[in-house]
Amino acid sequence: MGFPNNLLQEDEELVLHTHPHWKELVMPVVWFVLIGAFGSIILLALPESWGSIPKMIGWVIVVILMLWLVVTPYIRWATTHYVFTTHRVLLRTGLITRRGRDIPLARINDVSFEQGVLERMFRFGTLVVESAGERGQQVLKDMPQVENAQSTLYRLVEEDHDRRTGGLPDDEPPTLVER
């Protein structure tokens, strides 16, 4: 599922759009194989003398397990969007019940990441965006290429600051020109 570009303002550009790391889809694939294999073997091995009701119940159970353990995690992954633009960080999750949070780049105080050994091997991690306001930190779990995401976000914050202040450092007030 793509990110809806109609959420962007006129002067805003999309810099990074990603979903959580693909490792989120490993277990659904494993469940798909296991449920499909064992479900088929068991259901095909049922004796004909038992009738069609046990097979029908078995197929219903297989479908419910597939929906719960395969389809639902995939939909959760596909509907989770981590988006960096030239003006803000947008987080969107959910299909039926949508949740979103927008953090203006001007409100971001700190950007950090955490990576374990396996996370470093597979190039993902947890990105923590700390912003001024009552909600404080926003944790983006399983961010692909988390180090690049952190440096990209830091660069965007700096560029946003320069754009808003005209390139002046924080401690240097603008000079007034007398006429």
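Read the figures in this text as sums done on the coordinates, not as results from a lab. Since this is a predicted model, take the numbers as computed values, not measurements. Neighbour counts run over all protein chains shown; Cβ positions are idealised from the backbone, glycine included.
Conditions (1) among the hydroxyl-bearing types (Ser, Thr, Tyr); (2) within 22 Å of Val128 (Cβ to Cβ); (3) in a strand (DSSP E or B), marked per residue:
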{"position": "His17", "(1), (2), (3)": "no, yes, yes"}
{"position": "Ile35", "(1), (2), (3)": "no, no, no"}
{"position": "Leu44", "(1), (2), (3)": "no, no, no"}
{"position": "Val70", "(1), (2), (3)": "no, no, no"}
{"position": "Tyr82", "(1), (2), (3)": "yes, yes, yes"}
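Glu158 satisfies every condition listed in (1) within 21 Å of the chain's Cα centre (by Cα); (2) surrounded by fewer than 12 Cβ atoms within 10 Å (Cβ to Cβ) except (1).
From the residues in segment 107-139 that are of a type in the set (Ser, Thr, Tyr) and in contact (Cβ under 8 Å) with a residue 24 or more places away in the chain, which one is nearest to Thr18 (Cα to Cα)?
That would be Ser112.
Is one or more of the residues making up segment 24-42 among the charged types (D, E, K, R), surrounded by 12 or more Cβ atoms within 10 Å (Cβ to Cβ) and in contact with a Pro (Cβ under 9 Å, 6 or more places away or on another chain)?
To start, the set of residues in segment 24-42 that are among the charged types (D, E, K, R) comprises 24.
From the residues that got through so far, the ones that are surrounded by 12 or more Cβ atoms within 10 Å (Cβ to Cβ) too are 24.
Right, trim to in contact with a Pro (Cβ under 9 Å, 6 or more places away or on another chain) and you get 24.
The answer is yes; a qualifying residue exists.
Looking at segment 91-106 only, could you name the residues that are crowded, with 17+ Cβ neighbours inside 10 Å and over 18 Å from Pro20 (Cα atoms)? Within segment 91-106, Ile103, Leu105 meet the criteria. Among the numbered conditions (1) without any contact (Cβ under 8 Å) to a residue 24 or more places away in the chain; (2) exposed (fewer than 11 other Cβ atoms within 10 Å of the Cβ); (3) within 26 Å of Pro144 (Cβ to Cβ), the only one that Thr72 does not meet is (2).
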